[in-house]
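The block underneath contains the structure these notes are about, expressed in structure tokens.
The values are calculated or read from the model by the stated rules, or taken from the named source; none is laboratory data. This structure is a prediction, so every number in the text was calculated from the model and none was measured. Note that each Cβ is placed from the backbone with ideal geometry, even for glycine, and that neighbours are counted across all protein chains shown.
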Amino acid sequence: MDMKIEEFKKEVIREELDINAKEYGKIFSFVDFANVNKWFQHDNQDWNNKLLQDDQCLVVDLNKLKNFSDIISGKTRLYYGEDPKNEKSLGFTYVIRKIFGKRNIITKDLQKIKHYIETGEDLSSKIIMADKEGRKYIEIRKCNFDVEIFVDAIKMMNYYDTFCIFSGDADFVYLNNFLKKKGKRVIIVKGGYITNKLRKTADLVINAQKIKKHIAKIEKTKT
């Protein structure tokens, strides 16, 4: 009975998102976690439109993200930029490998880029540093997985009917168009604004706000 209830729940969620099994066939999800992790950082309401308290924030829950991805797709790959000198970052990699499976996690070292401060910039939430000349800067952490996702999506084309990308990055326009020419369907799960060019490459666009209850949780704000 429990299995039937779970299957019914999955069907309800898929119907809510307009994901028809016959139309989309086998779905393979590719999750750009750096993109996904920012989806709710400026939200002030939960999934029931209830205002968050001053000491609360919304974050992506890894277990809920995995469960949601399992509902809409048969396989998931998650891409994460780790800091090899940071124990918390390495610990996070350990956790996501346990949740998603070691083979489904693709990592590489995070890059730290210096951004020199200009007059008028709002840096109240940033850690400000100084170089040998005394010039002030902040570190911007960056790790782009476009190439890795491109290669994996093309290498694994025979294993899916629909390419599902958890990212609103406009760089995926070229890949999406290529896959559509090969007869694949494209689903974009995105947070915030995406370009019209990217939107036109998709058969279905799912707004992160629509799935907030499925992938987010409330946490205490870090001080």
Quick one: is residue 41 without any contact (Cβ under 8 Å) to a residue 12 or more places away in the chain, surrounded by fewer than 20 Cβ atoms within 10 Å (Cβ to Cβ) and closer than 20 Å to residue 190 by Cβ? no
Looking at region 202-221 only, could you name the residues that are over 15 Å from residue 43 (Cα atoms) and touching a residue at least 60 places away in the same chain (Cβ under 8 Å)? 203, 204, 206, 214
Give region 145-201 a look and list any residue that's in contact (Cβ under 8 Å) with a residue 40 or more places away in the chain, more than 29 Å from residue 41 (Cβ to Cβ) and outside any loop (DSSP other than H, G, I, E, B), or say none. 159, 185
Pull out all pairs, ordered by first then second residue, where Cβ-Cβ is under 6 Å, the residues are six or more apart or on different chains, the first lies in region 13-24 and is in contact (Cβ under 8 Å) with a residue 40 or more places away in the chain, and the second is of a type outside the set (A, V, I, L, M) and not in a helix (DSSP H, G or I). 24/162; 24/185
Here's a check for you: in region 81-105, which residue that is modelled with pLDDT of 95 or more and outside any helix (DSSP H, G or I) is surrounded by the most Cβ atoms within 10 Å (Cβ to Cβ)? 105
Reported set for region 164-205 where residues are within 17 Å of the chain's Cα centre (by Cα), closer than 19 Å to residue 22 by Cα and crowded, with 19+ Cβ neighbours inside 10 Å is 164, 186, 187, 188, 202
So if I check each of 49, 67, which one is surrounded by fewer than 20 Cβ atoms within 10 Å (Cβ to Cβ) and either under 30 Å from residue 108 (Cβ atoms) or in contact with a Phe, Trp or Tyr (Cβ under 9 Å, 6 or more places away or on another chain) (or both)? 67
